[in-house]
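The structure under discussion appears below in the form of structure tokens.
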2 protein chains.
Amino acid sequence: MNKEMAGVYSFLPLGLRVIRKIEKIIREEINETLSAQEILMSALHPLENYEKTGREKIDVLFYTELVSKRKLVLGISHEEIIVPLVKKHVSSYKDLPFYVYQIQNKFRNELRAKSGILRGREFLMKDLYSFHTDEKDLNDYYEKSKEAYRNIFEKSGIGDKTYITFADGGTFSKYSHEFQMITEAGEDLIYLCQSCKVAVNEEIIEECPNCPQCGGDKLIKKKAVEVGNIFKLKDKFSNSFGLTFKNEKGEEKLIQMGCYGIGLGRLLGSVVEVYHDQKGIIWPSELAPFFAHLIQIGDDPSVKKACEKLYSESEEEILYDDRKDVSPGEKFADADLMGIPFRLVMSKKTLEKDSFEVKRRNEEKVEFVKIKEINNFLKEKHAS
Amino acid sequence: MNKEMAGVYSFLPLGLRVIRKIEKIIREEINETLSAQEILMSALHPLENYEKTGREKIDVLFYTELVSKRKLVLGISHEEIIVPLVKKHVSSYKDLPFYVYQIQNKFRNELRAKSGILRGREFLMKDLYSFHTDEKDLNDYYEKSKEAYRNIFEKSGIGDKTYITFADGGTFSKYSHEFQMITEAGEDLIYLCQSCKVAVNEEIIEECPNCPQCGGDKLIKKKAVEVGNIFKLKDKFSNSFGLTFKNEKGEEKLIQMGCYGIGLGRLLGSVVEVYHDQKGIIWPSELAPFFAHLIQIGDDPSVKKACEKLYSESEEEILYDDRKDVSPGEKFADADLMGIPFRLVMSKKTLEKDSFEVKRRNEEKVEFVKIKEINNFLKEKHAS
């Protein structure tokens, strides 16, 4: 990644590939568990919409304006856009429930942005919005979303360290829920119950000093980073925009809403916080930008040929380091830094053994795999 | 699509699927012909960078600021970001040439934005930047980009109507090139030479009154919309940021640059301008949000079962209209409006014939295809 200014980053090729892997995990889980349709909303929002919801003075808004002086804000989330949009399409109980999501850039004018990509001023979010006839239906979907979130964090490799955390529910819900990953780099403080895998955010620890699940009082204080949150909005935003539906009796009722966020860059950063050593990143296979890192040593034609054959024939994603004028030591250091799961070395020495030298990023030992077996070897490793 | 304000649109599920198809065509062509790496740069840019290039007063900039009052702009293009970024990574002729691209949102504070998605204030662009040791290498790549662009517009279905158009090259190049698609909805005027398939933008018609290819003077004036442009930046931006490299003799030289844009929403809108009738859109297969539109008529269990079997078993992308309480006429009208290439109808009547009724969106005739042959039928049609 490249830092453009504090809290604003560009994704370079490898980082972007990791983001695409995260997107894939999220989309698959949403299709499977939450049945939402994907859309893509704008970043420019009319300020009027925020005046309707009372969010026009939130301290993290970026403001801008049209040539005509009409005031705009950059979206911090999309309730002010999705609610008027859904109002155009939904009018009857027959249209409900209804779920949409997007993966899109959000903007927050943070006073300080010092935790790298863990707290961005511009950041990629998955935000999902659900629309229901009643609170019971909202509650059911909300529970399903917890399951989906657990699956997403599990598949991303941070399931073990991520706790569902009770947090402030605003004026309209008792609690919201965050998914907090334990890390010393985190800016949040949570109190966790080891046995229930549940935590309480510091912001509500006074009103909720015990584990909300088992009632136990042995909570342990930890630093954590919020990688996702889910929130029952109920009728807060429906009310602001008059988002109603006609029920079976023909009565007009406010739609009940939920919203569900995951920060993709933050998730990426959290994974790196967990999976690294002093040499660099150690990607879990599911998120790794490539599956194997092929290093050619020297420019012997037979060595080069063996590398090119693997690179062009393999079904796995391979990063091929064929740089000249770069020492083997430098290539190894770069491979460790990038953290791709398998390192494959081809040199005159390994060629004498008719083999690639293979090393996993997270292990010390190396092994030799015959050239004619390397494709099967990688395939098997990838499947396991 | 949903209009949030003039020039600002959200993509709804079907529109977003079309955008994904366009992205796929673009990415494949870039991989094949232009060998560029994908990155993703930020939308927030420091105003300082624009002061360095003299673009800080461009009249279409959106301005905003941090809490600290540091001035920012929303990116209209990314030279001010990519050049400092490349400066960190490239120092020698060995690192060149080098190509990167992204598909990302741009912002232009247009005074008027009245042509729908053809002229947006917020819009999705593919922008590619190339970096070269000398002008010859830039010129070679520039020619390759023309070929790539022709392929992209061909695959998108507007190849026939899209003319490479000579346009103003700024202070540093004689010409730039636009790809202009002929349409009455266009805001640009071009003068085209039918025999050469080349055009001249009105902005330079006085200095270039003849066809730049054959020299002919029978140019025809047409309204058009610019769907892409390519530009030799040469050392304009390298100069502003001191983006240099050391050549083989160890001399410090400025890097030569080109930039290459395609507006995705504009391309989508242009395709719709070409492919529609009074009933709605007629998508070319490559861009269609789905390949087939399956309409269930009535709720007879056997009819429903036949639909669900096809929907779950087909390898094609199928949109399944299983709405109750919606008349067949309404469903047909919606299918015409959405413009998916094949319409498949299943009703008690067609079931008696053990068939789906099949109609192409762009033809009047219907045919009946046996249920057990429908999968092969669709597969064959898709391949052809």
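We did not get these values from a lab; they are worked out from the coordinates using the rules stated. Not measured: the values here are computed from a predicted model. No Cβ is skipped: glycine too gets one built from the backbone with ideal geometry, and neighbour counts run over all protein chains shown.
Determine the shape class of chain A: with a ≥ b ≥ c the square roots of the Cα gyration tensor eigenvalues, call it rounded for a/c under 1.5, and otherwise prolate if a/b is greater than b/c, oblate otherwise. Because a/c hits 1.5 or more and a/b exceeds b/c, chain A counts as prolate. When each of B:GLU357, B:GLU122, A:GLU380 is scored by the number of other beta-carbon atoms lying within 10 Å, the sequence from fewest to most is A:GLU380, B:GLU357, B:GLU122.
Nearest beta carbon of chain A to the A-to-B rotation axis, with distance in whole angstrom: A:THR64, 2. With contacts taken as Cα pairs under 8 Å and at least 6 residues apart, the range A:248-384 reaches a relative contact order of 24 percent.
Annotation for the range A:155-173 versus the range A:179-202: alpha-carbon center distance of 8 Å. Mean residue ellipticity, 222 nm, helices only, the protein assembly as shown: the sum of -39500 (n - 2.57) across DSSP H runs of n ≥ 4, divided by residue count and rounded to 500, is -9000 deg cm²/dmol.
Could you compute the net charge surrounding B:ILE82? Neighbours are other residues with a C-beta less than 12 Å from the C-beta of B:ILE82; K and R count +1, D and E count -1. Don't skip to the answer; put the middle values down first.
On the way: positive: B:LYS87, B:LYS88; negative: A:GLU4, B:GLU79, B:GLU80, B:ASP127.
Charge balance in the 12 Å sphere: -2.
Each of B:THR53, A:THR171 was scored by other Cβ atoms within 10 Å of its Cβ. Arranged with the fewest first, they read A:THR171, B:THR53. Per-residue 3J(HN,Hα) values for the range A:75-80, derived from phi via the Karplus relation 6.51 cos²θ - 1.76 cosθ + 1.60 with θ = phi - 60°, read x, 8, 7, 10, 4, 5 Hz in sequence order (x marks Gly and Pro).
Size estimate for the protein assembly as shown follows the Kirkwood approach: the inverse of mean 1/r over distinct Cα pairs works out to 29.0 Å.
Relative to the longest principal axis of the Cα atoms of chain A, the long axis of helix A:374-383 makes an angle of roughly 20 degrees. Taking other residues whose beta carbon is less than 12 angstrom from the beta carbon of A:ILE182, and scoring Lys, Arg as +1 and Asp, Glu as -1, yields 0.
Taken residue by residue and averaged, Cβ atoms of other chains lying within 10 Å of the Cβ of B:13-23 number 2.
Ranked by Cβ crowding within 10 angstrom, fewest neighbours first, how are A:LEU85, B:LEU47, B:LEU294 ordered?
Listing A:LEU85, B:LEU47, B:LEU294 from fewest to most nearby Cβ atoms yields B:LEU47, A:LEU85, B:LEU294.
Partners of A:LYS57 within straight-line reach, counting lysines whose Cα lies under 16 Å from its Cα and excluding those fewer than 8 residues away in the same chain: A:LYS71. Among the residues of A:57-63, the average count of other protein chain beta-carbon atoms within 10 Å of the residue beta-carbon is 2.
At a Förster radius of 30 Å, what calculated FRET efficiency corresponds to the Cβ-Cβ distance of A:ASP322 and A:LYS3, to the nearest 0.05?
With R0 = 30 Å, the Cβ-Cβ based efficiency is 0.55.
Can you check what the net charge comes to around B:MET1, using other residues whose Cβ is under 13 Å from the Cβ of B:MET1 (Lys, Arg +1; Asp, Glu -1)? Neighbourhood net charge equals +2. For B:LYS234, the amide hydrogen comes within under 5 Å of the amide hydrogens of B:MET257, counting only partners 5 or more places away or on other chains and with H modelled in the peptide plane. Sorted on the mean count of surrounding Cβ atoms within 10 Å across their residues, most packed first, peptides A:320-332, B:338-350, B:55-67 read B:338-350, B:55-67, A:320-332. Annotation: amide H-H contacts under 5 Å for A:PHE98 (H modelled 1.01 Å from N, sequence separation of 5 or more, or interchain): A:PHE131. Cross-link partners of B:LYS88 among aspartates and glutamates, defined as those whose alpha carbon lies under 13 angstrom from its own and excluding same-chain residues fewer than eight positions apart: A:GLU4.
When only C-alpha pairs under 8 Å and at least 6 residues apart count, what is the relative contact order of the range A:12-103, in percent?
After rounding, I find 36 percent.
What is the range B:288-383 by shape, rounded, prolate or oblate, if you read a ≥ b ≥ c off the alpha carbon gyration tensor as root eigenvalues and call it rounded for a/c under 1.5, prolate for a/b larger than b/c, and oblate otherwise? Note, shape of the range B:288-383 comes out rounded. When A:ASN210 is represented by a point 7 angstrom out along its Cα-to-C-beta vector, the spacings to that point in the other copies are 9.4 nm, nearest first. If a/c stays under 1.5 just call it rounded; otherwise compare a/b with b/c (prolate if a/b is bigger, oblate if not). Do that for the range A:43-199, with a ≥ b ≥ c from the square roots of the Cα gyration tensor eigenvalues. Since a/c reaches 1.5 but b/c is at least a/b, the shape of the range A:43-199 is classed as oblate.
Each part reduced to its alpha carbon centroid, the range B:77-150 and the range B:293-371 end up 44 Å apart. Label-to-label distances for A:LYS144 across copies, nearest first, come out at 4.8 nm, using points 7 Å from Cα in the beta-carbon direction. Taking a straight line from the alpha carbon of B:LYS309, these lysines sit under 25 Å away, with near neighbours fewer than eight places off in the same chain left out: A:LYS94, B:LYS324, B:LYS331, B:LYS348, B:LYS349, B:LYS353, B:LYS359, B:LYS370, B:LYS372, B:LYS379, B:LYS381. Derived scalar couplings between HN and Hα for the range B:111-125 equal 4, 10, 9, 10, 9, x, 6, 6, 9, x, 8, 9, 7, 7, 10 Hz in order, rounded to whole Hz, by the Karplus curve 6.51 cos²θ - 1.76 cosθ + 1.60 (θ = phi - 60°), x for Gly and Pro. For B:GLY242, the distances from its label point to the matching points in the remaining copies are 6.1 nm, ordered from shortest, with each point set 7 Å beyond Cα toward Cβ.
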